[in-house]
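Novice: Before we start, here is the structure in question, set down as structure tokens.
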Amino acid sequence: MYHLASVVGVQHYLEDPLALVDIVVGGTRTMLALAAEHHARFLFASTSEVFGRNPAIPWKEDADRVLGATSVDRWSYSSSKGVCEHMIYGMARVKGLEFTIVRPFNIYGPRQNPIYVVSQSVYRALRGEPPLLFDGGAQTRCFTYIADLVDGMILAANSPLAVGEVFNLGNDRERTIADAVRITRQGTGMEDAALDFDTVAEYGKVYEDIERRVPDVQKAREVLGWRAEVSLEEGIARTIEWAKQNPWYLADRN
């Protein structure tokens, strides 16, 4: 059983953190009960956000979780996924559930909702609108193309060595947000400069950013034989080409 469903996107964390917690935690509890009832192996898509803002980069799977205050709605998603992981371990101990947890790192690619860094930049640039550059763009991420993630998930779901384990699934090359925006502008021919987006001004005190988000992926390489193969340049090029061939994606979403 693959459990990939969730509420995602910073806007949703901030708009209704209560609904986010209800859906993510409640939905996962329901899925776990079904998996245990039918003796199904359970693969759970968690998130790199569970690590919070732990400054000890790169993050191994057993690294500490370092979060901000509970008054900051930004951490509701991380907390919800963390609770889900606790429930999974508990179900394994109590009911004998066979499980694997994967933590994707900054996934992007065709069909992605244009509310994320790469997808939003591609969407805006192909519509003739300058991409947004969040807080200067010096923050770093390890952008992972969707095809690489799918390969990793399938390996994790089928390997007997992955039972009872958690894996980081991410590119191990650290890039800035500004890199992603620049590559998108070049790939789409967007000549206008990116627009500055000030998260403090737009979101206020209920949001905090993460300056670096970098996985240690040695475990996935050694146990699953997996590594991310698609570079950011190639992945963005593929995403741009797909968006050009699917005009419905670029339609007005207001």
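No value in this document is a laboratory result; all are computed from the given coordinates. Just so you know, these numbers come straight off a predicted model, no measurement behind them. Using ideal geometry, Cβ is built from the backbone for each residue, glycine included, and neighbour counts are taken over all protein chains shown.
Novice: Out of all the residues in segment 183-197, which are free of Cβ contacts under 8 Å to residues at least 12 places away in the same chain and surrounded by 12 or more Cβ atoms within 10 Å (Cβ to Cβ)?
Specialist: GLN186
Novice: So, in segment 224-251, of the ones that are assigned to a helix (DSSP H, G or I) and touching a Phe, Trp or Tyr at 6+ places or on another chain (Cβ under 7 Å), which residue ends up nearest to GLY109 (Cα to Cα)?
Specialist: Filtering first and then ranking leaves THR239.
Novice: Looking only at segment 107-118, which residues are touching a strand residue (DSSP E or B) at 6+ places or on another chain (Cβ under 6 Å) and either assigned to a helix (DSSP H, G or I) or surrounded by fewer than 20 Cβ atoms within 10 Å (Cβ to Cβ) (or both)?
Specialist: VAL118
Novice: Which of the numbered conditions does LEU34 fail, given that it passes all the others? Conditions: (1) touching a residue at least 24 places away in the same chain (Cβ under 8 Å); (2) closer than 28 Å to SER119 by Cα; (3) surrounded by fewer than 20 Cβ atoms within 10 Å (Cβ to Cβ); (4) not charged (D, E, K, R).
Specialist: Looking at each condition in turn, LEU34 falls short on (2).
Novice: Could you list, ordered by first residue, the pairs with Cβ atoms under 7 Å in which the first is in segment 198-222 and within 11 Å of PHE167 (Cα to Cα) and the second is among the aromatic types (Phe, Trp, Tyr) and not in a helix (DSSP H, G or I), at least 6 apart or interchain?
Specialist: Note: pairs meeting the criteria are PRO215/TRP59; PRO215/PHE105; ASP216/TRP59; LYS219/PHE167; ALA220/PHE167; ALA220/TRP226.
Novice: Another question, if that's okay. Does segment 143-161 contain at least one residue that is touching a residue at least 40 places away in the same chain (Cβ under 8 Å), in a loop (DSSP other than H, G, I, E, B) and of a type in the set (A, V, I, L, M)?
Specialist: Checked against the condition, which is being touching a residue at least 40 places away in the same chain (Cβ under 8 Å), in a loop (DSSP other than H, G, I, E, B) and of a type in the set (A, V, I, L, M), segment 143-161 yields no hits at all.
Novice: Hey, can you tell me all the residues within segment 64-87 that are within 21 Å of ASN168 (Cα to Cα) and free of Cβ contacts under 8 Å to residues at least 40 places away in the same chain?
Specialist: ASP64, ARG65, VAL66, LEU67, SER78, GLY82, HIS86
Novice: Given the conditions (1) over 27 Å from TYR13 (Cβ atoms); (2) within 19 Å of the chain's Cα centre (by Cα), report the number of the one that THR176 does not fulfil.
Specialist: Exception for THR176: condition (1).
To keep it simple, each residue is scored yes or no on (1) exposed (fewer than 14 other Cβ atoms within 10 Å of the Cβ); (2) at positive phi; (3) among the hydrophobic types (A, V, I, L, M, F, W, C).
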| site | (1), (2), (3) |
| --- | --- |
| ALA138 | yes, no, yes |
| ALA147 | no, no, yes |
| VAL166 | no, no, yes |
| ARG175 | no, no, no |
| ILE210 | no, no, yes |
| ASP216 | no, no, no |
| VAL230 | no, no, yes |
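Novice: Being among the aliphatic types (A, V, I, L, M), farther than 24 Å from THR199 by Cα and crowded, with 21+ Cβ neighbours inside 10 Å is the filter here, so list the residues in segment 46-75 that pass it.
Specialist: Hits for segment 46-75: nothing passes.
Novice: Which one of these is aliphatic (A, V, I, L, M) and either at positive phi or buried (at least 19 other Cβ atoms within 10 Å of the Cβ) (or both): LEU132, LEU126, LEU161?
Specialist: Unique residue meeting the criteria: LEU126.
Novice: Looking at the structure I just gave you, is VAL8 in a helix (DSSP H, G or I), β-branched (Val, Ile, Thr) and touching a residue at least 24 places away in the same chain (Cβ under 8 Å)?
Specialist: It is false that VAL8 is in a helix (DSSP H, G or I), β-branched (Val, Ile, Thr) and touching a residue at least 24 places away in the same chain (Cβ under 8 Å).
Novice: For residues that are aliphatic (A, V, I, L, M), buried (at least 18 other Cβ atoms within 10 Å of the Cβ) and under 14 Å from ASP73 (Cα atoms), tally how many sit in segment 9-31.
Specialist: Of the residues in segment 9-31, 2 are aliphatic (A, V, I, L, M), buried (at least 18 other Cβ atoms within 10 Å of the Cβ) and under 14 Å from ASP73 (Cα atoms).
Novice: Anything in segment 81-105 that is closer than 22 Å to GLU211 by Cβ and either in a helix (DSSP H, G or I) or of a type in the set (Gly, Ala, Ser) (or both)? List them, or say none.
Specialist: Selection gives LYS81, GLY82.
Novice: Something else now. Among the residues of segment 162-186, which ones are within 24 Å of PRO58 (Cα to Cα), outside any loop (DSSP other than H, G, I, E, B) and among the charged types (D, E, K, R)?
Specialist: GLU165, ARG175, ASP179
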